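One structure below.
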Amino acid sequence: MHPSSSPAKTCLRQTRCGFPAIELFVKAGSDGESIGNCPFSQRLFMILWLKGVIFNVTTVDLKRKPADLQNLAPGTNPPFMTFDGEVKTDVNKIEEFLEEKLAPPRYPKLAPSHPESNSAGNDVFAKFSAFIKNPRKDANENLEKSLLKALRKLDNYLNSPLPDEIDAYSTEEITVSSRKFLDGDELTLADCNLLPKLHIIKVVAKKYRNFDFPPEMTGISRYLNNAYARDEFTNTCPADQEIEYAYVDVAKRMK
């Protein structure tokens with residue numbers, strides 16, 4: 001990440017050095033300056049950090065969005081990005097664009113090696129949203145069960161050895177994976193998508209429903225602990241208080 005400076009000067013300096021000029025605009029927190037709760041903002045922040053490219057980050061206060069930003073991306077809320085002066089606004093397309101533009105040998109490939117890693121945990125956030133937004137006590141148990149089922153499926157994937165963890169010539173049978181992340185021991189695009197959401201679930205479900213990830217879900221526990229040990233995750237993550245604040249009106253009280 002590049003220290004904050006004039007975008008025009010930064011653009012000139014980076015282009016001269018042969019590097020692209022990149023600025024990422026992310027949602028600001030409740031103080032208007034810190035990083036706010038937005039898994040899509042964190043997803044792109046993590047991707048750029050993992051790519052090892054020089055880039056600027058600007059937090060955008062949605063309550064007081066500056067006129068120059070409204071002109072830059074009219075009608076668009078963060079996250080969005082400028083790449084050599086070109087505005088990009090669609091998160092999925094930005095991910096594809098960065099993977100294509102910031103490619104080996106200069107930058108690491110971040111796409112998972114195993115296609116299944118892309119879809120692992122893809123229904124967890126939707127199940128969590130239904131659970132946290134529900135105000136009816138009589139519906140709570142079934143919605144919690146539905147969330148637990150989705151989490152269990154993710155946990156099973158994280159604990160199932162990937163093909164490259166299994167040594168065909170070894171006499172030892174590996175029954176439980178020891179990998180750090182979804183696709184192996186390195187963070188990939190799949191993790192950049194899932195980890196911010198999984199952390200929100202952990203923080204919000206505990207705060208508003210006193211719900212913890214079951215301790216027997218050792219795959220999820222290992223996964224999150226490994227993520228918390230990485231700067232690419234912790235330094236792009238909003239404070240827990242910001243996440244809780246974002247859900248004050250979303251998390252419905254039980255009736």
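The values are calculated or read from the model by the stated rules, or taken from the named source; none is laboratory data. Everything numeric here is computed off the predicted structure, so don't read it as measured data. Using ideal geometry, Cβ is built from the backbone for each residue, glycine included, and neighbour counts are taken over all protein chains shown. Heavy atoms of the whole protein, side chains included, go into the accessibility calculation; ligands, DNA and RNA do not. Shrake-Rupley method; radii C 1.70, N 1.55, O 1.52, S 1.80 Å.
Structure summary
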read-out	value
Length-normalised contact order for the stretch 193-255 - Cα pairs under 8 Å, 6+ apart - percent	40
In Å, descending, principal axis extents of the Cα set of the stretch 33-182	63, 55, 23
Global geometry of the stretch 136-255, whether rounded, prolate or oblate, following the gyration tensor of its Cα atoms and the 1.5 cut on a/c	oblate
J(HN,Hα) series, the stretch 233-243, from Karplus relation 6.51 cos²θ - 1.76 cosθ + 1.60, nearest Hz, glycine and proline x	8, 5, 7, 10, 8, x, 5, 4, 5, 5, 5
The stretch 26-75: relative contact order in percent, alpha carbon pairs under 8 Å with at least 6 residues between	41
Distance between modelled label sites at residue 145 and residue 86, nm, 7 Å Cα→Cβ extension	5.1
Rg/Rg_ref, the chain, where Rg_ref = 2.2 N^0.38 Å and atoms are Cα	1.10
Sum of side-chain charges, residue 59 neighbourhood, beta-carbon under 9 Å (Lys, Arg +1; Asp, Glu -1)	-1
Cα-Cα pairs of the stretch 101-192 separated by more than 15 Å (percent)	68
Förster radius 25 Å - calculated FRET efficiency between residue 67 and residue 97, Cβ distance, rounded to 0.05	0.40
Relative contact order %, the chain, counting alpha carbon pairs below 8 Å whose residues are six or more apart	22
Choice from 215, 78, 161 showing the highest fluctuation, given a GNM over the chain with Cα pairs closer than 10 Å	215
Most to least packed among 145-154, 173-182, 20-29 [average Cβ atoms within 10 Å]	20-29, 145-154, 173-182
Approximate spin-label separation residue 218-residue 252, in nm, with each point projected 7 Å along Cα-to-Cβ	3.8
For the chain, calculated [θ]222 nm from helices alone, where every DSSP H run of n ≥ 4 adds -39500 (n - 2.57)	-14000 deg cm²/dmol
Charge dipole magnitude, Cβ of K and R +1, D and E -1 - the chain, Cα centre, debye nearest 20	1040
Exposure rank, largest accessible area first [54, 94; 1.4 Å]	54, 94
Too-long pairs where the Cα-Cα distance tops 28 Å, listed order kept, from 149/255; 27/137; 153/207; 109/180	27/137
Carbon and sulfur %, accessible surface of the chain computed with the full protein complex present, 1.4 Å	50
Gaussian network model of the chain, Cα within-10 Å springs - most flexible of 239, 111, 139	139
